[in-house]
Amino acid sequence: MSRLLISLLPARIRNIIVMLGYPADRAEALEIVYRAGGWGRASTLHPDKDRRAYEVTPPAVSSEDEGMRRTLCDMALLIFHLVLSTWTFDGVDVPMAARIVTWNLHRYPSGVFPLLGAGRLALMRSRPDEAIEHYTRAMEVQTQYRNLHHVSLWEIAIAHLALGDPARSLGYWRQLEEEATWSKAIYTYGMAVCLLASSEGEESARFEEAKRLMEKVPTLRQKIAGKSIPVEKFVARKARKFISQNRLALPALEISYTFAAIAHAPRRVLETRMLPEVHKVVAYLTANPGSTGYWDDYCLARFLEGVCLRFVAFPDPDALLDPADSASATISRDDASAGSKAAFEAVFEHGPKIELDHHLVYYAHYEYGRLMACLDDEAEAKKQFELVLSGNHLEVGPSGRKGRYSLANALQMRTNAALDALHQKRL
């Protein structure tokens, strides 16, 4: 297990640890953990190319011959393949995770951990409706450990965002804010942006409630060992921006990107809910230039447009596409790719005019690199990733400097992982 953990570290740190004699071969580490449950080789090396047949293949180690390690190793594998895969790509094997979930769910149909795994698997496969069903069932089967309910509530809130339905997501953020203590700042901000997304103007009761919540967010931040939590710092900045401007552009869609809900949205949601919302904001900004924070809002809208169009053109490699979505598609892959590229290039062009949200330029280079990788232009993809990792200030000219940007460490981790896995066609 230690080898797997070391392999998750950035290359420069990992190399130092390897020099001290600690192995960090991820493939070998995964093979060792697979061994406890008798799962065999990774799905890509399996002779059976039928994914469904592979996922229902029982392990070599039966329930009668298993040891205590099996349960712990299975849980570790599900966390790696289904949760940590948000930040890394190399070695991620969702079909293997599906096989582990299927077998354990067959053995323990009312087991909370198999149900949580099944929910996460469904979300990874862009089936948020199915994920909500599994997470709801996970809350029903046990009442003793309330913290496990909070896991389900969080995931259901994200699943509703992936369905483009912040109004439904709102109730789960409320429950988290009332019960959970992990991050009151994030829960309160989640409530606020869902209220803003479903409010009907500045005079509505929902807008007023969102305003009160936004004022609370900066006061709810926590510190761990004297360090601020990056996502809490980000939402506190966004809350202060709302307080100063009395508005935020596309707040629910922005938080959907932050928590990977856009990546797991079905195509019909991207085309019929998310992109129309983005295009409406872009059209308004184009017709009404010059307001305070204009270029921040414009670059955010174009960035989110680029992300949504990239996932229309190239869905997540683990998504199970609904044939009905493909049949009703209104945007071709070529048009979506070209639109995504143009949107990111607009962020690069206007990035120097951004006043507060400088992170958009860095994230645009990262997402543009992923788009280039999907278009099989590995040289350009590598160039974009290296720009992000270079430490250069990408949002300004050579004479200026804007300082650190929001969520920088998370982006550095994702970019390192993307660069390492560039050849795997998983971006």
**Study point:** So K425, is it touching a Phe, Trp or Tyr at 6+ places or on another chain (Cβ under 7 Å), exposed (fewer than 14 other Cβ atoms within 10 Å of the Cβ) and modelled with pLDDT under 95
**Key:** no
Review point. Only one residue in A338, A327 is surrounded by fewer than 18 Cβ atoms within 10 Å (Cβ to Cβ), modelled with pLDDT under 95, over 26 Å from A197 (Cα atoms) and among the small types (G, A, S). Which one?
Key: A327
Check your understanding: With respect to A346, is the statement that it is part of a helix (DSSP H, G or I) and over 25 Å from S85 (Cα atoms) true?
Key -> yes
**Study point:** Any pair with Cβ under 8 angstrom, 6 or more apart, that starts in region 120-146 at a residue that is modelled with pLDDT of 95 or more and assigned to a loop (DSSP other than H, G, I, E, B) and ends at one that is among the hydrophobic types (A, V, I, L, M, F, W, C) and surrounded by fewer than 18 Cβ atoms within 10 Å (Cβ to Cβ)
**Key:** R125/L320; S126/L320; S126/L321; R127/L320
Check your understanding: Can you find even one residue in region 367-377 that is of a type outside the set (G, A, S), under 20 Å from W87 (Cα atoms) and outside any helix (DSSP H, G or I)?
Key -> no
Exercise for review: Mind listing whichever residues of region 1-21 are in a helix (DSSP H, G or I) and either of a type outside the set (A, V, I, L, M, F, W, C) or crowded, with 17+ Cβ neighbours inside 10 Å (or both)?
Suggested key: S2, R3, L4, I6, S7, R12, R14, N15
Exercise for review: Name every residue in region 177-223 that is under 28 Å from R273 (Cβ atoms), among the β-branched types (V, I, T) and either free of Cβ contacts under 8 Å to residues at least 60 places away in the same chain or not assigned by TED's automatic domain parsing to the domain that holds G164 (or both), in order of residue number.
Suggested key: I186, T188, V217
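Yes or no, residue by residue, for (1) in contact with a Lys or Arg (Cβ under 9 Å, 6 or more places away or on another chain); (2) surrounded by fewer than 18 Cβ atoms within 10 Å (Cβ to Cβ); (3) modelled with pLDDT of 95 or more; (4) over 22 Å from G91 (Cα atoms):
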{"position": "Y362", "(1), (2), (3), (4)": "no, no, yes, yes"}
{"position": "R370", "(1), (2), (3), (4)": "yes, no, yes, no"}
{"position": "A373", "(1), (2), (3), (4)": "yes, no, yes, no"}
{"position": "K383", "(1), (2), (3), (4)": "no, yes, yes, yes"}
{"position": "G397", "(1), (2), (3), (4)": "no, yes, no, yes"}
{"position": "G403", "(1), (2), (3), (4)": "no, yes, no, yes"}
{"position": "Q412", "(1), (2), (3), (4)": "no, yes, no, no"}
{"position": "L419", "(1), (2), (3), (4)": "yes, no, no, no"}
Study note, to complete from the structure: D297 fails exactly one of (1) assigned to a loop (DSSP other than H, G, I, E, B); (2) closer than 25 Å to A249 by Cα, namely (1)
Practice item. For L300, state whether it is modelled with pLDDT of 95 or more and surrounded by 24 or more Cβ atoms within 10 Å (Cβ to Cβ). Key: yes
Study note, to complete from the structure: Condition set small (G, A, S) and in a helix (DSSP H, G or I), scope region 196-214, selection modelled with the lowest pLDDT: answer is S198
Check your understanding: From the residues in region 215-273 that are among the small types (G, A, S) and in a helix (DSSP H, G or I), which one is surrounded by the fewest Cβ atoms within 10 Å (Cβ to Cβ)?
Key -> S244
Check your understanding: Regarding P352, is this residue outside any loop (DSSP other than H, G, I, E, B), at pLDDT below 95, within 23 Å of T415 (Cα to Cα) and not aliphatic (A, V, I, L, M)?
Key -> yes
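The values are calculated or read from the model by the stated rules, or taken from the named source; none is laboratory data. Given the structure is predicted, the values throughout are model-derived calculations rather than measurements. Positions of Cβ are generated from backbone atoms using ideal geometry, with glycine treated the same way; all protein chains shown enter the neighbour counts.
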